[in-house]
1. What angle do you read, to the nearest 10 degrees and between 0 and 90, between the alpha-carbon axis of helix 31-47 and the longest principal axis of the chain?
2. Amide H to amide H under 5 Å from Y376: which residues, 5+ apart in sequence or cross-chain, H placed 1.01 Å off N in plane?
3. Can you run phi through the Karplus equation (6.51, -1.76, 1.60; θ = phi - 60°) for the range 293-309 and list ³J(HN,Hα) in whole Hz, with x for Gly and Pro?
4. At most 14 other C-beta atoms within 10 Å and a DSSP loop state: those are the exposed GluC sites (Glu not before Pro) I care about. Give me the longest piece of the chain that has none.
5. Express as a percent, rounded to the nearest 5, the fraction of DSSP beta bridges in the chain (both residues included) that run antiparallel.
6. With all distinct Cα pairs included, what does the Kirkwood hydrodynamic radius of the range 120-170 come out to in Å, to one decimal, could you say?
7. Do you know the relative contact order of the range 25-115, to the nearest whole percent, from alpha carbon pairs under 8 angstrom that are 6+ apart?
8. Pick from G190, G165, G88 the residue whose mean-square fluctuation is largest in a GNM of the chain, springs joining Cα atoms under 10 Å.
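The values are calculated or read from the model by the stated rules, or taken from the named source; none is laboratory data. In this text, all values refer to a predicted model and were calculated from it rather than measured experimentally. All Cβ positions, even for glycine, are placed from backbone atoms using ideal geometry, and neighbour counts span all protein chains on display. All accessible areas refer to the heavy atoms of the entire protein, side chains included, with ligands and DNA or RNA removed. Shrake-Rupley method; radii C 1.70, N 1.55, O 1.52, S 1.80 Å.
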Amino acid sequence: MSTTSTTSPTGTGPVSPADPESAQPALLYSEEEEALRAAVRDLLTDHCDAARVISRTESDTPHDLSLWKALADGMGLAGLLVPEDRGGQGATHREAAVVLEELGRAVAPVPYLTSAVVATAALLACAGGGEVLASLASARRIGALAVPLHTAPGAPFPAARAADGVLHGELAGVADAAAADVLLVPADDGGLYAVEADAAGVTVARQTSLDLTRPLARVVLDGAPGQRVGDAGPAVRRALSTGAGLLASEQLGLAEWSLTETVRYLKDRRQFNRPVGGFQALKHRLAQLWLEVVSLRAAARNAAAALSAGAAAADEAAAGDDADAAVAVAVAQAYAGQVAVHAAEEALQLHGGIGMTWEHPVHLYLKRAKADSIAYGTAGAHREALAELVDLRAP
């Protein structure tokens, strides 16, 4: 799935490099992206309904690995961000963002963000680890970056101790580590190491987490062997920035589902012999939420487009676009968390009593929204980063 051609700002076709508007990001969805969305949504409709997700959260196996196989292997989505010459699909962050929108709409319990985006981005920033990257792109293995989920791009992160060729230490709050086959572990010698999850000296223990569809785990390393694949600093920064930027698309999908389902419910639910949605106070609340979701879509699409442009510039050894991507990511994450949480809260409240039940899926969306609001940095952390990037620091 090669989508490296540049589209026009209207999303209607390719643009000429000489076109002065070609420097502007094309935020509308292309036909290929809409086709990808339709395919992913159809699969999720058939294999990821709310009842299945809820039942999995009550089991010892919250990850739906059969769904992951269908998405990652059957549809080839695990390797979207990986160039074709390195075993991937050669697509861009825009396509990955579309996939994450649909996964957010379904709160799908699959490690797409953590493996196909974050772990993959870390390996793409490394000189080594080609075999590991190819295995993630082909969905033969699942990867996880062994950094706490709340870590913001550019923030300090814990590292394991490297001694005598093995790793020691404890890393908590690692998302989807329980489903991972390979862990990417930063070490105090500055290296990033690929560690097999079933190797001797590796223990992965599940932790209590609010979002049961993206469980956290504690990784304990006691003399675990690892293969150095690159430098931890740039790899982790790139991974967290990519994760934060594309997380906004997942939050967008979550918010859109919350708004759509709430509008549908209020049209059907009747009180005083009229649809509940006909009351003006509720119309105002929904209109405000719609404006927030539309604004979030613009921010999320801009982040995905900026990450795509930055990756292309890096391939061409051009500088200057990384700053644009950093600003776009910070803007998106400074806004996305509050909108997703607000949308899920409104959905829960406006669904009335049924929204408070375990059987209704709205609680899954609220928990995911709350967890996402601190994943890869809080809104406050991203606002501080944005102030630094645009030189508007607080007095």
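1. 80
2. H150, T151
3. Each residue's phi maps through the Karplus curve to give 5, 4, 5, 5, 4, 5, 5, 5, 5, 5, 5, 5, 5, 5, 5, 5, 5 Hz.
4. That would be 59-315.
5. Of those bridges, close to 90 percent are antiparallel.
6. Details: mean 1/r = 0.0771 Å⁻¹.
It is 13.0 Å.
7. On the way: 78 pairs, mean separation 30.1, N = 91.
About 33 percent, as a whole number.
8. Between G190, G165, G88, it is G165 that shows the largest mean-square fluctuation.
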